[in-house]
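The values are calculated or read from the model by the stated rules, or taken from the named source; none is laboratory data. As the structure is a prediction and not an experimental result, all values here were calculated from the model. Methodologically, a virtual Cβ is constructed for each residue, glycine included, from the backbone with ideal geometry; neighbour enumeration extends over all protein chains shown.
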Amino acid sequence: MGQVAYVIGQPIAHSLSPTMHNAAFAALGIDARYEAIEIAAVDLSRWIQSIRRPDLLGFNVTVPHKEAVAREVDRLEGDAQETGAVNTVMVDRESSSGWKLIGTNTDTIGFRRSLIEEAGVSLQGQRILLLGAGGAARAIAYAALKDGAADLVVANRDETRARRLVKQLFRVNTSTQTRAIAMTDPSLAEELATATLVVNATTVGLGTDEMPVDPARITGMVVDIVYRPLKTAFLRAAEEHGLRVLGGLGMLVYQAAAAFELWTGATAPIDIMRNATERALASQDR
Ligand code: NAP
């Protein structure tokens, strides 16, 4: 009997995770399939009880369930312990106290690996301006602190949410200067001009030509983790101003690859996962 993995979220119809993982299972001849399941918050606990089955390989979690799943699993491991957000759940069948669900976070790994492998850039010593304070921003802030960023400014539309993120995570590395501001704060202009790395982790630009901030004010490198479209209006404009840019596809592929490797123990076929994702995005755009 083949094994099964899932991604859960709401909405979930356009998730690229089934494409990436099914391509990887096929390429490596692994007898498993990967399905997307739409689950409302009220049904989450019941679903997690129902999938404690022998054929479960694991599951991914996306908006809006990452924090709720952290409370539902039996144990947290790795980056999920401090971020409080789970995007990958594994099964521990060997536990002395019975079958356990373990929550971890591979968004941190995906962001870091994309930056290093695709741009040759490390987070260490960077002055980072992080736009957004949602689930993805939380993983990126954690990676920035863990890897020794010099400064981390979190700017968000809802300033309270940015303050909460910084308050929860600053202890990860007290050598990093941390600050939370509102997107409307007058000091944002100065932060844009002095940051060595500006990261868009808001949903602004997702399927639109909107931009989270004015790229003309930026002097450092720009990363946009939004991957629909593959090159956002923000990245295109930043490039026109002569800035280095990096899109979100790499983070997406590398977080999936890390989950795949945790579940299967096999090395993820990165190029196959990336090509399948690019093809799926291109066909969704048509
Ligand atoms: P989320 O938890 O829902 O957070 C959304 C963020 O966007 C919040 O900071 C929110 O600000 C901000 N925002 C929404 N509308 C805005 C607007 N009109 N103006 C300014 N800010 C606005 O979502 P998430 O999971 O963090 O995902 C954020 C984005 O990252 C999505 O586009 C997602 O597709 C992308 N993502 C990419 C990857 C990847 O692997 N490349 C991984 C995860 C996510 P408020 O707090 O003020 O509402």
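Okay, residues lined up against (1) part of a loop (DSSP other than H, G, I, E, B); (2) among the small types (Gly, Ala, Ser); (3) in contact with a Leu (Cβ under 6 Å, 6 or more places away or on another chain):
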residue	(1), (2), (3)
Ala5	no, yes, yes
Ile8	no, no, no
Ala13	yes, yes, no
Pro18	no, no, no
Ala23	no, yes, no
Tyr34	no, no, no
Asp43	no, no, no
Arg46	no, no, no
Gln49	no, no, no
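Taking the range 231-261 on its own, how many of its residues are among the hydrophobic types (A, V, I, L, M, F, W, C), closer than 27 Å to Asp79 by Cα and either within 13 Å of the ligand (Cβ to nearest atom) or touching a Gly at 6+ places or on another chain (Cβ under 7 Å) (or both)? Lay out the reasoning, then the answer.
Residues of the range 231-261 that are among the hydrophobic types (A, V, I, L, M, F, W, C), as a first pass: 233-235, 237-238, 243, 245-246, 249, 251-253, 256-260.
From what's left, closer than 27 Å to Asp79 by Cα: 245-246, 249, 251-253, 256-260.
Checking the rest, the ones that are also either within 13 Å of the ligand (Cβ to nearest atom) or touching a Gly at 6+ places or on another chain (Cβ under 7 Å) (or both) come to 246, 249, 251-253, 256-259.
Qualifying residue count, the range 231-261: 9.
For the range 79-109, which positions are out of contact with any helix residue (DSSP H, G or I) (no Cβ under 8 Å at 6 or more places or on another chain) and under 17 Å from Pro54 (Cα atoms)?
Let us first name the residues in the range 79-109 that are out of contact with any helix residue (DSSP H, G or I) (no Cβ under 8 Å at 6 or more places or on another chain), namely 81, 91-100, 102.
Residues satisfying the conditions are Val91, Asp92, Arg93, Glu94, Ser95, Ser96, Ser97, Gly98, Trp99, Lys100, Ile102.
I'd like to know if the range 89-106 contains one or more residues that are within 9 Å of the ligand (Cβ to nearest atom) and of a type outside the set (Phe, Trp, Tyr). Full working, then the answer.
The first filter runs over the range 89-106 and keeps only residues within 9 Å of the ligand (Cβ to nearest atom), leaving none.
There is no residue in the range 89-106 that is within 9 Å of the ligand (Cβ to nearest atom) and of a type outside the set (Phe, Trp, Tyr).
Hey, any hits in the range 59-80 for a residue that's over 23 Å from Ala137 (Cα atoms), of a type outside the set (D, E, K, R), more than 16 Å from the ligand (Cβ to nearest atom) and touching a strand residue (DSSP E or B) at 6+ places or on another chain (Cβ under 6 Å)?
no
Among the residues of the range 206-226, which ones are buried (at least 21 other Cβ atoms within 10 Å of the Cβ) and within 10 Å of the ligand (Cβ to nearest atom)? Reasoning before the result, please.
The first filter runs over the range 206-226 and keeps only residues buried (at least 21 other Cβ atoms within 10 Å of the Cβ), leaving 212-213, 215, 218, 222-226.
Once the filter is applied, which keeps residues that are buried (at least 21 other Cβ atoms within 10 Å of the Cβ) and within 10 Å of the ligand (Cβ to nearest atom), the range 206-226 yields Pro212, Val213, Val223, Asp224, Ile225, Val226.
Cβ-Cβ under 8 Å, sequence separation 6+ or interchain: first residue in the range 162-178 and without any contact (Cβ under 8 Å) to a residue 40 or more places away in the chain and assigned by TED's automatic domain parsing to the domain that holds Tyr142, partner away from the ligand (no atom under 16 Å from the Cβ) and of a type in the set (A, V, I, L, M). Which pairs?
Correct list of pairs: Phe170/Leu145; Asn173/Leu145; Asn173/Ala149; Thr176/Leu145; Thr176/Ala149; Thr176/Ala150; Gln177/Ala150; Thr178/Leu145.
Quick check, is Gly58 in the same structural domain as Leu101 (by TED's automatic domain parsing) and under 15 Å from the mean Cα position of the chain (by Cα)?
Working: in the same structural domain as Leu101 (by TED's automatic domain parsing): yes; under 15 Å from the mean Cα position of the chain (by Cα): no.
Criteria not met by Gly58.
Against the definition (more than 17 Å from the chain's Cα centre (by Cα), more than 24 Å from Gln10 (Cβ to Cβ) and among the β-branched types (Val, Ile, Thr)), how does Val154 come out, yes or no? I'd like the intermediate steps shown before the answer.
Details: more than 17 Å from the chain's Cα centre (by Cα): no; more than 24 Å from Gln10 (Cβ to Cβ): yes; among the β-branched types (Val, Ile, Thr): yes.
No; evaluated as a whole, the condition is false for this residue.
Give me the strands (runs of 3 or more DSSP E) completely within the range 62-134, filtered to those with at least 2 residues that are farther than 20 Å from Val199 by Cβ, assigned by TED's automatic domain parsing to the domain that holds Trp47 and touching a residue at least 60 places away in the same chain (Cβ under 8 Å), ordered by residue number.
On the way: elements: 88-92, 100-104, 127-131.
In the range 62-134, the matching strands (runs of 3 or more DSSP E) lie at 88-92.
Taking only the range 71-122 into account, find how many residues are within 20 Å of Arg164 (Cβ to Cβ), among the hydrophobic types (A, V, I, L, M, F, W, C) and surrounded by fewer than 21 Cβ atoms within 10 Å (Cβ to Cβ).
Counting residues in the range 71-122 that are within 20 Å of Arg164 (Cβ to Cβ), among the hydrophobic types (A, V, I, L, M, F, W, C) and surrounded by fewer than 21 Cβ atoms within 10 Å (Cβ to Cβ) gives 1.
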